Structures are given as C-alpha cells and as structure tokens.
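What follows is one structure encoded as structure tokens, with my remarks underneath.
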Amino acid sequence: MRARQSAFRRGIALGTVTLAISAGLTTGASAATPPAGPDSDRAATPVLDWAPCPGETGPPGSECATARVPLSYRDPAGPQISLALTKRPAKDPQHKIGTVFTNPGGPGSSGRIPPRLSPVMAARFDIVGFDPRGIRNSTPVTCSDDPADDAKLSPVFPVTEAEEAAAIRQVGEVTARCAQHAGPLLGHMSTANVARDLDLLRRAVGDQQLSYLGTSYGTHLGEVYANLFPQRVRAMVLDGVLQPQEWTTGTLPGQSGEPYIYRIGSYLGAQTALNTVMRECAAHAQCEFGEPGATEQSLHRKYDDLLATLRRGPVTLTDSHGETQQITYQDLVMRMLSGLYNPDAAADLTPFLQTLYLAAQHPAATAPAPGHVPVPAPPRFSRAAEPDEPQIAYNTWHNAVACTDTDNPRDPRAVGRYARLAEAAAPGFASVWIYAGLPCASWLVTDPDRYTGPWNRPTANPVLLIGNRLGDPATPYEDAVSTSHLLGRARLLTADIAGHGVAYDGRNQCVDQWLDGYLTDLTLPPAGTVCAAERGPFDPPSGSR
C-alpha cells in the first residue's frame, strides 16, 4: 500500500512540478538471458498477397492482405488463424526505407487501417496496420452467442453496495460463459503472441529489422517485442507509455494481487489532466467555469461541490426548447474522463461544467441548450475506437488480452476495495478506471505463453518514448519516465501538453519533426528534450496538416 500511496502524491504533483527526465540512454544492470518460451523462428513466413482493398474497406490507394499465423507458437505447424492487414504504400518507392507497422492501442481496438503520419513518412515507408489476433477482421474471439453479453462485461461503475453486487454478478456470469464458449483462441491472446505475430509480419514484408509506432496499449506491444526480439529493433516509437511491470505483475512483491489498473495508476494521470484544466481555466477570462479571482484550488472546490451534489441525486438540464436531460454522477465522471483525452479539454469541457453547476444551484432555471450529453463507455488504452467498430465485441476483445496479460485479485470484491482506496486521490476517476478491470477478477482462461519480463534487454537500436507531462488520463507521464529507465536502451521525449498521445496527430510539429528524423535516419532528440505546447487551450485551432 505504501508504494501506491506515494504514487498518489506523485500523481497529484505532476501538474505543478517537473519530474526528472531521462538523462540519456539507459542500460540494465546486466544483459538478461533470452526468455524461455516459444519463438516465431520455427513458424513459416506468411505470404502476403497485397491487392487493392475491396469496396470502401481501406483508404484510397491502400492495399489489403491476409496473413496466416500459428494459433500456438508451441505448435507452429498446427492450426492457424488469420490476420487482416492494410498498407498505405510508400509514395516514393525508389527511396523507400522499409515498412512501419502501427498499433493504435486498446487492447481490443482495430488497428487494420494505418494512420496518416507525415509527408516524410508517407514518402519513405509503407505504413501497415493490422487487426491483432482475435480482434475484428482477424480471426475473432467470440465469447457468447448473445451480443448483449459483450456490453455486460463493462457495466457503469457502481457507487452503492447494491450496484457493486449487481455488477459482480453480471460480469461473473459472462466471464463463465466466455470460458465455456470461446474456444482455443481465447488461451492464446496475450500480447506476447501478438508480438510473435508481428515478427512474422516483419519477415513477410522483407524487413531485416522492425520499424514500429505504437500508441497507448500499443506501447506494451512494442515493449514486449523489444524484449523478445531485441536485435530485431530498427526504430520503435512508443507514445503514451504503459509501464510494463505495472501492467503485468507489479513492481514490488505482493502487487500481483492488486487490480492491474490500480497498479498502472491511470486515475492519477486523469487527476493530473483535471488539475491542468482547472489551472488553465483560472488563467483565462474566457473560461466559462471560471469567475473573477478564481484559482486552480477554488475551481477544484467548485468541481468537488458539483460531484457531491450529483452523488446525492441527478441534476436535470432543461434547455430553451423545454427538452430535459438528467445527468448522474456517473455521467459526469465518464464524460470528464473521456474529454480529458483531448488536449483541448479545458475549452471543450468547461462550458458544460458551468451549465451543469448553474442547474445544480438553481434547479428551476432554464439552461442554454447544451446539446445531447454523450455518456461514453469507460475509456480503455486507446485514443478512440474506429467510428464503425462493432461495439458488440470490443469488451470481449479488450478483456481477452488484458486479463491474460495481467495478474489480478481472484476475489471480485477486492476490485471495489482498491477503487475506494484510490478515491481520495482521484475522486470519480479512480472508480471508473479500477472497476473497468472487474472482468479480470473472474476471468478463467490464461495464456501460458504471456511475457512478464525481463524488460531490460538492450535493443539493437534505442527505443524512443513520448510522454505528455501535463496529464495523460490513461497512461500517466511518470510511467513514460520510469519506463525510459527500465528498458535496455531508451530515450524520452517530453511534450509539455495534456491529453492522451501526441505522435503525428497534427498538434505538435516539434514532436513530429523529431519522429521523422528518428524513424528515417535513427537520429534521437537530445536527452531532456521538451516540446512546448504550440497553442493555448482557448486559442483558435490551427489549420490541419
């Protein structure tokens, strides 16, 4: 407990103090011996028959292919599964360097459509995305014949004891059905097996070493690959970093009995991002949630008062057309957490906060029409799902990976105990995040080939990590710092912004220019490099690239 309570204090302080940045490339105390377990070398190289993507299944000019890989790398000549891939071909093939593979996060999100990167990257690389094993257009895991079961794996986080008991019962029934129904693929869904798949895909495109860009959970895929195949790393960018020890087993003895989301401290990153919103709101007169003489602390008190009001009961918003919406405590917390993924959270969230605050203070008043208030599912470890991603399967896919990768308590009631323990440090955010790990407490299927370390194997080339210092609501900045010291060879690039992820999203040219240089010619930013924010939270948006 003492280690996590110290982390509470570190997480809260992140918004106001500067953490030490990696002073340079770091090397583990000793070169760890290769891990035992199955390898990809004994499996056949997939044949990729690239062809124009049919219909509207890919971006204009893209190509699609299907790869066949082993279900189990312990039996490389045995049953196979399919992986769906899409490629943006290099625009300057005569000067092509190779292929950059991408993963947008999740786990459970589709990665088949690769992102647009920069003009430099589009010219010099084929950019390839793929749906990881068990997910969407690859051979999918299916836990139940009832589509409603997938939603039941992610109930709204409970507040009362009765709600908690109902959530435990509901989730436990579905995880039991999943274990009976899903079939053998469910026991081969760990990130280590995705990394083995990725190594086969590297061979299939003819690259001697891997070039890779992973965001959020995609950083863990990169971490696993870097330690399973350290000499095969050409260039690896990890943006929005998961600390691999915290994700899998914990950094200290006894932490394997904690929920994995409690260990990684996503709620602390969310609280830091909220601190940034309140600080920016207090500093800008155009922030609607602010008031004359407001400070970060006074706006926190105002926000806490609103949370307390909603815990007593919902608040009704009535717009000028007479239409009403009831906003509950859970609605507000989930809306705030989802909004904090966006670097413009201060400008985006504070008008709604003010509207809701006034309605709570004056229930009979008519509020400006705020529009429909979306109540998103608890965010996982990706920026966002694809717009057309079938939600009937996302929670199944997410937990099939997360619960086989990670150690967790086996008593579902322990999840609530950790959520309540964390609430003091991050009110609301602690519950929504930690209860998202509830399915893992009753998940019955394991993957014996998951990877749990060592994490310090020196790679052929350094790994470049990116962290958002002003608050990342899913992957805290401090985890990027600690991982930069943990990996065998790594360099940290800090972005002085909030939000989840920053690589090639068009809002920080400093970051993108360093990534272009690193991915094309392996030039690292100097140790301690910080990319400043390029506009303020209430500045008008700059033109897109």
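The values are calculated or read from the model by the stated rules, or taken from the named source; none is laboratory data. Keep in mind that this is a model prediction, so the values were computed, not measured. Neighbour counts run over all protein chains shown; Cβ positions are idealised from the backbone, glycine included.
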#### Entry: Which numbered condition Ala176 misses (of (1) over 22 Å from the mean Cα position of the chain (by Cα); (2) in the same structural domain as Asp516 (by TED's automatic domain parsing))
(2)
### Query
Which condition number in (1) at pLDDT 95 or above; (2) part of a loop (DSSP other than H, G, I, E, B); (3) under 30 Å from Asn227 (Cβ atoms) is the one that Pro253 fails?
(1)
### Task
Tell me which residues, restricted to segment 510-527, are outside any helix (DSSP H, G or I), touching a strand residue (DSSP E or B) at 6+ places or on another chain (Cβ under 8 Å) and at negative phi.
Leu524, Pro525, Ala527
### Task
Taking only segment 494-545 into account, find how many residues are under 24 Å from the mean Cα position of the chain (by Cα), among the β-branched types (Val, Ile, Thr) and within 26 Å of Thr99 (Cβ to Cβ).
2
### segment 154-166, residues that are over 18 Å from Gly105 (Cβ atoms) and part of a loop (DSSP other than H, G, I, E, B)
Pro155, Val156, Phe157, Pro158, Val159, Thr160
### Task
For segment 123-133, indicate whether the set of residues that are within 23 Å of the chain's Cα centre (by Cα) and among the aromatic types (Phe, Trp, Tyr) is non-empty.
yes
### Task
Please indicate, with yes or no, whether at least one residue in segment 311-326 is outside the structural domain of Ala424 (by TED's automatic domain parsing) and closer than 16 Å to Phe429 by Cβ.
yes
### Task
Could you please give the count of residues in segment 98-128 that are over 24 Å from Arg196 (Cβ atoms), in contact (Cβ under 8 Å) with a residue 40 or more places away in the chain and of a type in the set (A, V, I, L, M, F, W, C)?
3
### Selected residue (only one of Arg507, Arg450 is in a loop (DSSP other than H, G, I, E, B), at pLDDT below 95 and of a type outside the set (Phe, Trp, Tyr))
Arg507
### Task
Under 7 Å between Cβ atoms, at least 6 apart or on separate chains: pull out the pairs that start in segment 442-463 with a residue that is in contact (Cβ under 8 Å) with a residue 24 or more places away in the chain and more than 30 Å from Pro526 (Cα to Cα) and end on any residue that is surrounded by 20 or more Cβ atoms within 10 Å (Cβ to Cβ) and of a type in the set (A, V, I, L, M).
Ser442/Val171; Val445/Leu186; Asp447/Met189; Asp449/Ala192; Arg450/Ala192; Tyr451/Ala192; Tyr451/Val224; Tyr451/Leu228
### Task
May I ask you to say which residue of Pro525, Pro476, Pro537, Pro462 is buried (at least 19 other Cβ atoms within 10 Å of the Cβ) and outside the structural domain of Tyr217 (by TED's automatic domain parsing)?
Pro537
### Query
within 15 Å of the chain's Cα centre (by Cα), modelled with pLDDT of 95 or more, of a type in the set (S, T, N, Q) and surrounded by 15 or more Cβ atoms within 10 Å (Cβ to Cβ): does that describe Asn342?
no
### Residue check for Ala270: touching a residue at least 60 places away in the same chain (Cβ under 8 Å), within 18 Å of Asp348 (Cα to Cα) and touching a helix residue (DSSP H, G or I) at 6+ places or on another chain (Cβ under 6 Å)
yes
